[in-house]
Amino acid sequence: MPEQLSIAQLTGQTDSHLTTLAGEQQAKLHPLAAEAYLKMRAAAEDAGVSLAIASGFRSLQRQLSIWNRKWQGQQSVLDKHGQPLTVTSLEPAALMHAILHWSALPGASRHHWGSDFDVFDPRPFRDGSQTLQLVPSEYCDPSGPCFHVWQWLTEHAHEFGFFFPYARYQGGVAQEPWHLSYRPLATQLQQQLSLTVLTELLQSLPLEGKATVLEQLPHIQKQYINNISEDNGWTNTWCGYSSF
């Protein structure tokens with residue numbers, strides 16, 4: 001049966017559609033995604049691979065805070081090479097694109113749905129000697145702390161219904177080898193996130209740069225929201241490519 005979320009659930013205004021996974025930093029996922037994830041985690045453990053969630057559900061208010069702080073220059077805004085930008089030197093449209101390369105538009109984050117989450121190998125971080133940064137080199141570099149998790153997932157995640165929506169840079173969101181999406185659910189929810197839903201939501205929010213965002217919303221939907229990798233896995237030729 002098709003999964004239908006309310007607009008509030010779809011856009012991260014509530015987490016009433018989610019379940020909490022104990023022992024996973026209290027990560028919240030949709031029950032269908034949670035069931036598939038637990039099966040995948042158990043299979044990984046049987047293969048000697050440790051898998052954990054770094055980030056599950058992200059609320060609208062949290063995404064809005066990230067967006068507004070970046071727009072105001074209170075949080076770093078990076079270029080496609082990962083270098084800091086001077087916010088005050090950018091035109092509104094350029095600033096918008098710079099933020100969207102690394103951060104989702106509030107209300108349009110796949111993390112709102114409970115179908116998507118960020119994964120990592122918790123073992124290298126347990127002694128506190130290093131901190132997870134969620135950068136491609138941690139996963140794609142053979143010496144990276146999450147390389148073995150990434151390798152296992154590229155071969156087996158699709159067996160449990162998962163795929164990498166940002167497997168490689170396609171002119172929109174930066175490469176994210178840590179981001180998994182539960183395809184049977186996410187595909188339906190992505191179709192529900194219409195321009196009408198987004199327009200009405202954004203008009204009601206205290207969103208920095210609102211006029212620019214609303215003017216370019218159809219383009220944003222095409223370049224950043226619907227522009228995802230459809231592959232089941234991730235070929236090694238993509239590994240380590242920069243997001244530019």
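Brief remarks follow.
- Rounded accessible area per residue of the chain, 1.4 Å, Å²: 46 Å²
- The share of accessible area on the range 96-244 that comes from carbon and sulfur is 50 percent, using a 1.4 angstrom probe.
- Over the chain: helical MRE at 222 nm, DSSP H runs n ≥ 4 each giving -39500 (n - 2.57), nearest 500: -10000 deg cm²/dmol
- Each other residue within a Cβ distance under 11 Å of residue 92 adds +1 if Lys or Arg and -1 if Asp or Glu, for a net charge of -2.
- Under-5 Å amide H pairs with residue 162, H placed in peptide plane, nonlocal only: 183
- Sites excluded, trypsin sites (Lys or Arg not before Pro) in DSSP loops with at most 14 other C-beta within 10 Å, longest stretch of the chain: 127-244
- In degrees, nearest ten, helix 183-192 long axis to first principal axis of the chain (Cα): 10 degrees
- When the surface is traced with a 1.4 Å probe over the full set of protein chains, residue 127 keeps roughly 120 Å² accessible.
- Correct option for Cα Rg over 2.2 N^0.38 Å [calculated from the coordinates] among (1) 0.99; (2) 1.10; (3) 1.28: (1)
The values are calculated or read from the model by the stated rules, or taken from the named source; none is laboratory data. Keep in mind that this is a model prediction, so the values were computed, not measured. Glycine gets a Cβ as well: all are built from the backbone with ideal geometry, and neighbour counts include every protein chain shown. Remember, those area values only see protein heavy atoms, side chains included, never the ligands or the DNA or RNA. Shrake-Rupley method; radii C 1.70, N 1.55, O 1.52, S 1.80 Å.
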